[in-house]
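What follows is a short report on a single structure.
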Amino acid sequence: MNVDFGVFHTRYKPFKKTVGPLKPSGDGQMEARVANLEKAIPEVRERLVRIETKLDGVDQRFEAVDKRFDAVVQRFDTVDNRFEAVDKRFDAVDKRFEAVDKRFDTVDKRFEAVDKRFDAVDKRFDAVDKRFDGIEERMATKTDLEVLRGSISTDVQKSISDASWRFIQISMVLAGLAFTAAKFIH
């Protein structure tokens with residue numbers, strides 16, 4: 001008779017059964033049973049040795065599986081470490097963005113200051129225009145003030161030139177800041 005127990009598959013022979021009614025125990029039946037048991041004991045021992053050998057093989061297979069799982073766990077640990085490194089890099093990038101935002105706030109404040117200065121320059125030009133209007137009215141009657149007119153005209157042109165250069169300088173600084181910010185962002 002064959003019984004399939006998977007890894008523990010083995011062949012065994014069923015013990016002989018006596019057919020017929022059981023005899024009382026005093027008829028030598030007990031000695032026959034003891035003799036049958038003595039014959040079966042070596043076979044049972046062999047079977048136990050085979051089972052133990054197969055169990056040792058199963059233990060070895062489980063140890064191999066454990067090693068494989070250890071390798072898988074190590075890989076997951078490596079992946080976790082990499083994700084932690086990526087998180088740290090993102091944190092560093094976030095800090096850089098915060099620094100760039102602060103710089104943009106500073107640039108915005110500087111633009112506001114420049115706008116206020118240009119407003120002040122416009123007011124000065126308005127005042128100069130009013131003075132010119134007043135001078136032109138006087139010049140219509142006095143010719144000796146022609147020299148004064150040329151002098152004031154030169155001063156205004158110089159003011160315009162200085163203001164233009166100041167605007168160009170501020171524009172260059174802002175462009176430099178924008179390129180620096182773009183470098184950090186990229």
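Across the range 50-102, the volume of the C-alpha convex hull divided among the residues equals 31 Å³ per residue. Annotation: extensible slack from residue 76 through residue 174 equals 30.5 nm (criterion: 0.36 nm per residue apart, minus Cα-Cα distance).
From the Cα gyration tensor of the range 78-131, with a ≥ b ≥ c the square roots of its eigenvalues, which class applies: rounded if a/c is under 1.5, or else prolate if a/b is larger than b/c, or else oblate? Prolate, because a/c is 1.5 or more and a/b exceeds b/c.
FRET efficiency for the pair residue 65 and residue 89, taken as 1/(1 + (r/R0)^6) with r the Cβ-Cβ distance and R0 = 22 Å, rounds to 0.05.
Using θ = phi - 60° in the Karplus curve 6.51 cos²θ - 1.76 cosθ + 1.60, the 3J(HN,Hα) couplings for the range 76-90 round to 5, 4, 4, 5, 4, 4, 5, 5, 4, 5, 5, 4, 4, 5, 5 Hz; x is entered for Gly and Pro. Stretched out straight at 0.36 nm per residue, the stretch from residue 98 to residue 125 would grow longer than its current Cα-Cα span by 5.7 nm.
Bear in mind these aren't lab numbers, they're just calculated from the coordinates by the rules spelled out. All values reported here derive from a predicted model rather than from experimental measurement. Here Cβ is always computed from backbone atoms with ideal geometry, including for glycine, and neighbour counts include all displayed protein chains.
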